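Report on the structure given below.
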Amino acid sequence: MDGILAENDLGDIVAADRAHVWHHLIQHKPFESVDPRIMIEGKGMRVWDQHGREHLDAVSGGVWTVNVGYGRESIANAVRDQLIRLNYFAGSAGSIPGARFAEKLIGKMPGMSRVYYANSGSEANEKAFKMVRQIAHKKYGGRKNKILFRDRDYHGTTIGTLSAGGQQQRNAQYGPFAPGFVEVPHCLEYRSQWGEVADYGVRAAKAIEEVILREGPDTVGAICLEPVTAGGGVITPPAGYWETVQEICRKYSVLLHIDEVVCGVGRTGTWFGYQNFGIQPDMVTMAKGVASGYAAISCLVTTEEVFELFKANPDDPLDYFRDISTFGGCTAGPAAALENMRIIEDEGLLENTVRMGARLMEGLEGLKERHRVVGDVRGKGLFAGAELVMDRQTKEPAPEPKVQAVVADCMKQGVIIGATNRSVPGFNNTLCFSPALISTAADIDQILESVDGALTRVFGQA
Ligand SMILES: Cc1ncc(COP(=O)(O)O)c(C=O)c1O
């Protein structure tokens, strides 16, 4: 922003917003006396609000989305050119960017082969659930229809995806939910459900097997998991977890659906989060970082084996995937996604994510040494969390108002960080960091310094 914007220039915008906009995930009563924040402009890692105040964005647009940073003219141009040529046609036909991006994406996902386009993470996950249900009908007489999900994971905001939601505060008051979704335990070792166990990762994975056996393996069609749990506390899976999950899935013919809505397209320093763990999913969903928020796009990617199941009998009018996504046909999505991927490749952003992620983790470990309130630090790539506790021995979670005070203090310093929010009751105590993949060492240091200062002010000297 040019810095000449006077505070009142956008008064009419603020008034219109206050009068008419219903913002997501926020209590609106305070807006009766306080202005909502309106974001006006972004460039690189930084955004400017209605007062012309500059902020370093350590959460990529609030919800880990703007992976390549703000103000990318080349993405805007790619989208503009495509919109003028052909903005839309329903997904029953193909498009040039749709075909090109699918090919490029599959090139990054060995073992996968088909891309189904939709427009949000929730929608992509719904599609996957529908496929699981249809496969149950096609292959198992309707029986193998249950979908497992994990405590603390989140897969979306629709009633179907909330039915697979492991965050009780996201779900509360929105039931009844769809039947056939079954919860398995989380894999957060810091909050071990089994006390101190030698091989926690394997133990947590075995808990999935216990649920499969309890429900009956012939009734369980799939399991949907985040590779690194995001809003449920930034939970990096413990060693041995994923390998054991894969073994269990194979043993009981349970499809492995990985929800890469947050981790997908670079966030953890690999193209996809699951690729850190050497596993092979059957279905992968992705959204946020696919086009870094320059256009709405989500994808459900499957293996050829899954795809083949949906064209076995062309004489049967119900044999194929009878699903529609109107906005899955918007060509702006794959046009933006193609350019987004080119930027990540040409600018070496995966490598940068690994380097800067290590700096962020090291810095957070340093904060843990300095501040007793930092109980645990977790993360992968430019995706990190710091769990705040009042007592390291008892691990009593820091109260949410104090956690929010740290976020507010950082905001005052011009750095936007996040915290787990309306997620797991009593455990909205993890600070979240997901700066863009273009982060520099100076950006990471500025984020860490602001948190250091905020922790000191909110919780007292370390
Ligand atoms: C892991 C995960 N899956 C799915 C979703 C839902 O995506 P969307 O908000 O695009 O529907 C989210 C959103 O935060 C998410 O974090």
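The values are calculated or read from the model by the stated rules, or taken from the named source; none is laboratory data. Here the structure is a predicted model, which is why all the values come from computation and not from measurement. As a convention, Cβ positions derive from the backbone with ideal geometry for all residues, glycine included, and neighbour counts pool all protein chains shown.
The figures follow:
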| quantity | calculated |
| --- | --- |
| From the options 73, 54, 41, 32, residue that is within 15 Å of residue 336 (Cβ to Cβ) and charged (D, E, K, R) | 73 |
| Within region 277-286, tally of residues that are within 12 Å of the ligand (Cβ to nearest atom) and either on the phi > 0 side of the Ramachandran plot or at pLDDT below 95 (or both) | 0 |
| The listed residue being within 16 Å of the ligand (Cβ to nearest atom) and assigned to a helix (DSSP H, G or I), out of 122, 74 | 122 |
| Residues satisfying the stated conditions in region 296-312, i.e. buried (at least 24 other Cβ atoms within 10 Å of the Cβ) and within 16 Å of the ligand (Cβ to nearest atom) | 297, 298, 299, 300, 301 |
| Failed criterion for residue 244 (all others in (1) part of a loop (DSSP other than H, G, I, E, B); (2) among the hydroxyl-bearing types (Ser, Thr, Tyr); (3) more than 29 Å from residue 82 (Cβ to Cβ) hold) | (1) |
| In region 311-355, the residues that are among the small types (Gly, Ala, Ser) and under 30 Å from residue 73 (Cβ atoms) | 325, 328, 329, 332, 333, 335, 336, 337, 348 |
| Conditions (1) touching a Lys or Arg at 6+ places or on another chain (Cβ under 6 Å); (2) free of Cβ contacts under 8 Å to residues at least 40 places away in the same chain; number of the one not met by residue 389 | (2) |
| Region 449-462 residues that are over 20 Å from residue 361 (Cβ atoms) and polar (S, T, N, Q), paired with ones that are at pLDDT below 95 and exposed (fewer than 15 other Cβ atoms within 10 Å of the Cβ) (beta carbon under 9 Å, 6 or more apart) | 456/462 |
| Any chance residue 212 is in a strand (DSSP E or B), in contact (Cβ under 8 Å) with a residue 12 or more places away in the chain and surrounded by 18 or more Cβ atoms within 10 Å (Cβ to Cβ) | no |
| Residue list for region 100-119, restricted to those being within 16 Å of the ligand (Cβ to nearest atom) and among the hydrophobic types (A, V, I, L, M, F, W, C) | 118 |
| Residue in region 192-212 that is of a type in the set (Asp, Glu) and within 16 Å of the ligand (Cβ to nearest atom) present | no |
| Condition check for residue 47: within 16 Å of the ligand (Cβ to nearest atom), in the same structural domain as residue 364 (by TED's automatic domain parsing) and buried (at least 17 other Cβ atoms within 10 Å of the Cβ) | no |
| Failed item, numbered, when residue 233 is tested on (1) within 16 Å of the ligand (Cβ to nearest atom); (2) farther than 22 Å from residue 388 by Cα | (2) |
| Residue 289 being assigned to a helix (DSSP H, G or I) and within 13 Å of the ligand (Cβ to nearest atom) | yes |
| Flag for residue 321 being aromatic (Phe, Trp, Tyr), in contact (Cβ under 8 Å) with a residue 40 or more places away in the chain and in contact with a helix residue (DSSP H, G or I) (Cβ under 7 Å, 6 or more places away or on another chain) | yes |
| Hey, residue 189 within 16 Å of the ligand (Cβ to nearest atom), under 30 Å from residue 394 (Cβ atoms) and either outside the structural domain of residue 229 (by TED's automatic domain parsing) or more than 17 Å from the chain's Cα centre (by Cα) (or both) or not | no |
| Residue pairs meeting the criteria (Cβ under 7 Å; at least 6 apart or on separate chains; first at positive phi, in region 129-155; second of a type in the set (A, V, I, L, M) and outside any loop (DSSP other than H, G, I, E, B)) | 142/136; 152/235 |
| Counted residues, region 138-165 - those being in a loop (DSSP other than H, G, I, E, B) and within 14 Å of residue 122 (Cα to Cα) | 8 |
| Residue, farthest from residue 298 (Cα to Cα), within region 53-71, restricted to residues that are buried (at least 23 other Cβ atoms within 10 Å of the Cβ) and within 16 Å of the ligand (Cβ to nearest atom) | 60 |
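Residues checked against (1) more than 14 Å from residue 58 (Cβ to Cβ); (2) more than 21 Å from the chain's Cα centre (by Cα); (3) of a type outside the set (Gly, Ala, Ser):
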position: 357; (1), (2), (3): no, no, no
position: 363; (1), (2), (3): no, yes, no
position: 372; (1), (2), (3): yes, yes, yes
position: 385; (1), (2), (3): no, no, no
position: 389; (1), (2), (3): yes, yes, yes
position: 410; (1), (2), (3): no, yes, yes
position: 422; (1), (2), (3): yes, no, yes
position: 440; (1), (2), (3): no, yes, yes
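Every residue, every condition in (1) surrounded by fewer than 17 Cβ atoms within 10 Å (Cβ to Cβ); (2) touching a residue at least 12 places away in the same chain (Cβ under 8 Å); (3) touching an Asp or Glu at 6+ places or on another chain (Cβ under 8 Å), yes or no:
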{"residue": "329", "(1), (2), (3)": "no, yes, no"}
{"residue": "335", "(1), (2), (3)": "no, yes, yes"}
{"residue": "338", "(1), (2), (3)": "no, yes, no"}
{"residue": "345", "(1), (2), (3)": "yes, no, no"}
{"residue": "361", "(1), (2), (3)": "no, yes, no"}
{"residue": "370", "(1), (2), (3)": "yes, yes, yes"}
{"residue": "383", "(1), (2), (3)": "no, yes, no"}
{"residue": "395", "(1), (2), (3)": "yes, yes, no"}
{"residue": "404", "(1), (2), (3)": "yes, yes, no"}
